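Visitor: Once you've had a glance at the structure underneath, I'll fire off some questions.
All of the numbers you see were taken from the coordinates with simple rules; none came from a lab. The model shown is predicted, which means the values in this text are computed figures rather than measured ones. Heads up, the Cβs are rebuilt from the backbone with ideal geometry, glycines too, and the neighbour counts pull from every protein chain shown.
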Amino acid sequence: MTTPNYRQLIKKDKLPRHIAIIMDGNGRWAKRRFMPRTFGHRAGMSSLKQTVKTCAELGISYLTVFAFSTENWKRPQDEISYLMGLLVEYIDKEIDELHQNHIHLQVLGDYRSLPVDSVQAIDLALQKTAANQGMVFNIAINYGARDEIIKAVQHLGALIKQGQLEPEDIDEYCFSQALYTKGLPDPDLLIRTAGEIRVSNFLLWQIAYTELWFSSLMWPEFNQEELLKAIWEFQQRDRRFGGLTQQK
Ligand code: FPP
């Protein structure tokens, strides 16, 4: 059986505006090759580069990837250090190309508590791309959705205490503006690789109506073809947002 040509099948006027990705399976991919987990993370960086490129070329407006969670601090220290180093390397190597392609980089999460060289690299990259009008590329680092929600509640609580906000004025819009994703539309499509069918504390508030799509490929194997397939399958879904399908 021949594989469909998803690039031709995809409708350019029905693209997901915002794609979120849980990049899972780096460790398992490496283990299957009798290599250290860090080898998988490095290979995962190549998949990330390709994915950013493809999304920008397709005309996706927002891409959000989960690079390091608040739970990932439980990993061995050498793996954490490697991931932090890889983040700096990724930014150093990619920032010029991201900038040339008008990509606006943002970070979701409490990145200020990362090692100082990571914070410096992130700050420089954020400054450099701040005025870019192309795809918004969000990297979630030291991000956890429950942590994000608690921080938002604390922030709104402080505003109430200072007399700047009335509790009854808190609506969905007000609450969403207190999250890291302030100003971003909710994801239309959430992709998770490595065959895991869960959302693992990622964008819990924001994915209320998001279409979920799971790939059995490990993140280092994730490629343009699989991304196009996810987008095409997304376009076949009937999104009702709690309403009814329009009758023909
Ligand atoms: C999940 O695989 C992946 C991560 C925790 C890190 C994601 C990192 C990258 C894609 C590398 C480069 C990107 C940046 C921006 C640093 P896992 O380790 O949980 O895999 P496993 O479930 O097979 O153990």
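Visitor: Confirm whether I170 is surrounded by 12 or more Cβ atoms within 10 Å (Cβ to Cβ) and in contact with a Phe, Trp or Tyr (Cβ under 8 Å, 6 or more places away or on another chain).
Guide: No: the conditions fail for I170.
Quick grid of which residues meet (1) surrounded by 17 or more Cβ atoms within 10 Å (Cβ to Cβ); (2) within 11 Å of the ligand (Cβ to nearest atom):
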site	(1), (2)
A20	yes, no
G25	yes, yes
F34	no, no
F68	yes, yes
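Visitor: Pick out, from region 1-68, the helices (runs of 4 or more DSSP H) lying fully within it that include 2 or more residues that are over 25 Å from S81 (Cα atoms) and of a type in the set (A, V, I, L, M).
Guide: 37-58
Okay, residues lined up against (1) without any contact (Cβ under 8 Å) to a residue 12 or more places away in the chain; (2) touching a helix residue (DSSP H, G or I) at 6+ places or on another chain (Cβ under 7 Å); (3) of a type in the set (A, V, I, L, M):
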site	(1), (2), (3)
G27	no, yes, no
M35	yes, no, yes
V52	no, no, yes
L58	no, no, yes
Y62	no, no, no
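Visitor: Filter region 53-64 down to the residues that are surrounded by 22 or more Cβ atoms within 10 Å (Cβ to Cβ) and β-branched (V, I, T), then identify the one that is farthest from F222 (Cα to Cα).
Guide: Among those residues, the one meeting the criterion is I60.
Visitor: OK, next. Which residue pairs have Cβ atoms closer than 7 Å, lie 6 or more positions apart in sequence or on different chains, and pair a first residue in region 72-85 that is farther than 19 Å from G144 by Cβ and touching a residue at least 12 places away in the same chain (Cβ under 8 Å) with a second residue that is assigned to a helix (DSSP H, G or I) and near the ligand (Cβ under 8 Å from one of its atoms)?
Guide: Taking only residues 6 or more apart or on different chains, the pairs are Y82/H41.
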